[in-house]
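Engineer: Input: one structure, supplied below.
The values are calculated or read from the model by the stated rules, or taken from the named source; none is laboratory data. Being a predicted model, the structure only gives us computed values, none of them experimental. For the accessible areas, the whole protein counts, side chains as well, though only heavy atoms, and no ligand, DNA or RNA atoms are used. Shrake-Rupley method; radii C 1.70, N 1.55, O 1.52, S 1.80 Å.
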Amino acid sequence: MEGKSIYYILGMIAGLLVAVLLIALITFLTNKVGGRVSTFKKSKDSYDERQLLVRGQAFKTGFFVLCVYVMVAAIMDSMSGNRLLLSTGGIWVGVCSSIFVFAVICIVKDAYIAIQDNAKGMIILFVAIAVINFMCKLGDVLTGRLHFLEKNVSLVDGKMIESMSISMDGINIITGLLLLLTALVLIGKVIYDKKHVIEEDEE
């Protein structure tokens, strides 16, 4: 058991390192095709004062969404024994939801992209990472081995309790969908801004 735990931890660390290297590579390639993305380093002047205020408000809203999500999950567990939202995959859904709320608020209020970055670079980065996440589970999808929900059976007070939970297999899909949705919101914002500028020029 201890050996498996060590190998599992080492595998997780290796996976994180590969993810960081992939993001760095995608960032480099994005900058080569005309995008501007500074993923791992942001100077203190990356956002102006208005953007910082908006980002602070968006962070509070995202945190509130996460708190409500966890509270609902806890109530479901205590009242009916349903641990769907309290599973590892379920908590990840909550985290992704709060991040998405933060991103949408910042994008809509022009506070998401740093001064040295551009929308093109962010869109390419999001779509590329989303595709990588989807590809990680492509084999499981094609072979029918991808299961979003799984049954957990445990012994409680002498009784066998069975409940559903969101499986770990779904985390890559959830992450990919979050990034893809964020990219779509950003694309919509860019189109809206361009249309608004054209309308102002015509007037």
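Engineer: If you stretched the chain out fully between Tyr192 and Leu10, how much longer would it get, using 0.36 nm times the residue separation minus the C-alpha to C-alpha distance?
Structural biologist: 61.0 nm
Engineer: So how exposed is Met135, as accessible area in Å² (1.4 Å probe, rounded to 10)?
Structural biologist: 120 Å²
Engineer: Let me ask another. Would you mind checking Lys32/Lys189; Lys60/Lys194; Lys32/Lys109; Lys60/Lys137 for any pair whose Cα atoms are more than 31 angstrom apart?
Structural biologist: Correct reply: Lys60/Lys137.
Engineer: Show Leu29, Leu16 ordered by accessible area, largest first, where the area counts protein heavy atoms only and the probe is 1.4 Å.
Structural biologist: Ranking Leu29, Leu16 by accessible area, largest first, yields Leu16, Leu29.
Engineer: How would Thr61, Thr27 line up by accessible area, probe 1.4 Å, largest first?
Structural biologist: The residues order as Thr61, Thr27, largest area first.
Engineer: On a full-extension model of 0.36 nm per residue, what is the gain between Lys120 and Gln57, subtracting their alpha-carbon distance, rounded to one decimal in nm?
Structural biologist: Gain on extension, Lys120 to Gln57, equals 20.2 nm.
Engineer: In whole angstrom, how far apart do the alpha carbon centroids of segment 99-118 and segment 20-96 sit?
Structural biologist: Between the Cα centre of segment 99-118 and that of segment 20-96, the gap is 12 Å.
Engineer: When the accessible area of segment 40-125 is computed with all protein chains present and a 1.4 Å probe, what percentage of it is carbon and sulfur?
Structural biologist: Accessible surface attributable to carbon and sulfur in segment 40-125 totals 71 percent.
Engineer: Work out, in µm²/s and without decimals, the Stokes-Einstein translational diffusion coefficient of segment 13-101 at 25 °C, 0.890 mPa s, Rh from Kirkwood over C-alpha pairs.
Structural biologist: Translational D for this selection: 152 µm²/s.
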